[in-house]
Amino acid sequence: MKSVLTTLTLAGTLLCQFAYSQTSFKVIPLGVKGGTDESNLSAYMIAPQQHEAYVCLDAGTVHFGIEKAIQAKLLHGTASSVLKQQVKGFLISHGHLDHLAGMIINSPDDSTKHIYGLDYCLDILKDKYFTWKSWANFANEGDKPALGKYHYTTLAPGVEAPLENTEMQVTAYPLSHSNPYQSTAFLLRSEEAYLLYLGDTGPDSVEHSDKLHLLWQQAAPLLKAKKLKAIFIEVSFANEQADKQLFGHLTPHWLMSELQDLASLAGAETLKNFPVVITHMKPGGNREQIIQEQLKAYNPLHIKLIIPEQAKMLTF
């Protein structure tokens, strides 16, 4: 009997180790919502599994989210030490406050690091936020004196770049967010594994754009090769929201329509049980509940829907 138990224990240990080895990324949501609650706005710490050097995908909520993650024993130390030592940089998708306010407010207590973004996003930070009229210029460019704590790193669309002091690389792609205003998708890579994070975006047909279709063309080969581990994409409103009042956002209907476009490029079978993380739901009445119900009610591709929660780790 003891021999059987030992064998089962060993088999279980090996199975757990195998499953762990297949996990490429860990993501700690610091904030997941799309407005009104300043303690829970879009921000996701991401690192390769078995590493503790993170970058932050957007930065709406930072300090409070880190504190919640420490309380959940996902991170250790103080919020200040985690921010200074473990967050190695920020990838900012666009210039709206619910995606960057936490970074700005915490900048006096932060350490030297990079802010990554496409040129139009970094220009907003230079011209509107890190200026001596609105805050203080903690960056290395813009209003004088430039304090140089943050270093702007301009990403070229479609060109992979290293994320300094981490084991990851990133490629940025433009998105349409209430055309002509733009947002960004970030494709992160760790070795041969990828994760795709989209900032705010509207559907191509409403935006009169092809930005999502072009992004899906890049993602489809990775999906077919099983190298893409997850997609983070917003659904801000319920289906009842009129197209003319989407303001560059998605509904459950439009999400599924866009994923059907991806399926046409990669094959519908590649999306079956594929993890799609729903970000940026806008609070208001029972809107979040309705969005979740609508997503579950119409899921023709049988994707694995994930609703992230603040300070609850996700692994892929």
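General remarks:
- Alpha-carbon centroid distance for the pair the range 48-102 / the range 168-186, whole angstrom: 20 Å
- Amide H contacts under 5 Å for residue 185: 173, 175, 199, restricted to partners 5 or more places along the chain or on a different chain, H placed in the peptide plane at 1.01 Å from N.
- Count Lys and Arg as plus one, Asp and Glu as minus one, and take only other residues whose Cβ is under 14 Å from that of residue 247; the net charge is then -3.
- Sparse-neighbour loop sites [trypsin sites (Lys or Arg not before Pro); the range 31-107; at most 10 other C-beta within 10 Å; DSSP]: 73
- The slack in the chain from residue 154 to residue 71, taken as 0.36 nm per residue of separation less the alpha-carbon distance, amounts to 26.4 nm.
- Under 19 Å from the Cα of residue 126 - lysines, other chains or at least 8 residues apart: 113, 144, 149
- Of the residues 182, 83, 166, the one whose Cα sits farthest towards the positive end of the charge dipole of the range 69-194 is 83 (charges of +1 on Lys and Arg Cβ, -1 on Asp and Glu Cβ, taken about the Cα centre).
- All other residues whose Cβ lies under 13 angstrom from that of residue 105 are scored, Lys and Arg at +1 and Asp and Glu at -1, for a net of -4.
- Computed lengthening from residue 127 to residue 97, 0.36 nm per intervening residue step minus Cα-Cα distance: 9.4 nm
- Share of pairwise Cα separations in the range 111-172, more than 16 Å, in percent: 46 percent
- Label zone at residue 49, where the point sits 7 Å out along the Cα-to-Cβ direction: the range 275-304 residues whose backbone N lies under 17 Å: 275-276
- Between 194, 131, 219, the Cα set farthest toward the positive side of the dipole of the range 23-315 (charges on each charged residue's Cβ, about the Cα centre) is that of 194.
- The chain: most fluctuating residue of 143, 58, 204 per GNM, C-alpha cutoff 10 Å: 143
- Two-site label geometry, residue 146 and residue 265: point separation in nm, points 7 Å out along Cα→Cβ: 3.5 nm
- Read-out P(r) over Cα pairs in 20 Å bins from 0, in percent, derived from the coordinates shown; its label in (i) 35, 59, 6; (ii) 33, 57, 10, 1; (iii) 26, 47, 25, 2, 0: (ii)
- Amide hydrogen neighbours beyond the local backbone of residue 75, cut-off 5 Å, H modeled: 70
- Selected from 192, 141, 167 as most flexible by GNM, with the chain as the system and alpha-carbon contacts under 10 Å: 192
- Whole-angstrom gap from the range 187-219 to the range 109-135, using each part's C-alpha centre: 24 Å
- Of all DSSP beta bridges confined to the range 23-315, the antiparallel ones make up roughly 55%.
- Cα-projected label distance for residue 119 with residue 136, points at 7 Å along beta-carbon direction, nm: 3.1 nm
- Charge dipole (debye, nearest 20) of the chain; +1 at Cβ of Lys and Arg, -1 at Cβ of Asp and Glu: 860 debye
- Sparse packing (at most 12 other Cβ atoms within 10 Å of the Cβ) combined with a DSSP loop state is found for the following GluC sites (Glu not before Pro) in the range 208-296: 240.
- Calculated FRET efficiency for the pair residue 286/residue 38, C-beta based, R₀ 22 Å, to 0.05: 0.55
Any read-out appearing in this document is the output of simple, stated calculations on the displayed coordinates, not a laboratory observation. Please read these numbers as outputs of a predicted model, since none were measured by experiment. With ideal geometry, Cβ positions are generated from the backbone for all residues, glycine too; neighbour counts draw on all protein chains shown.
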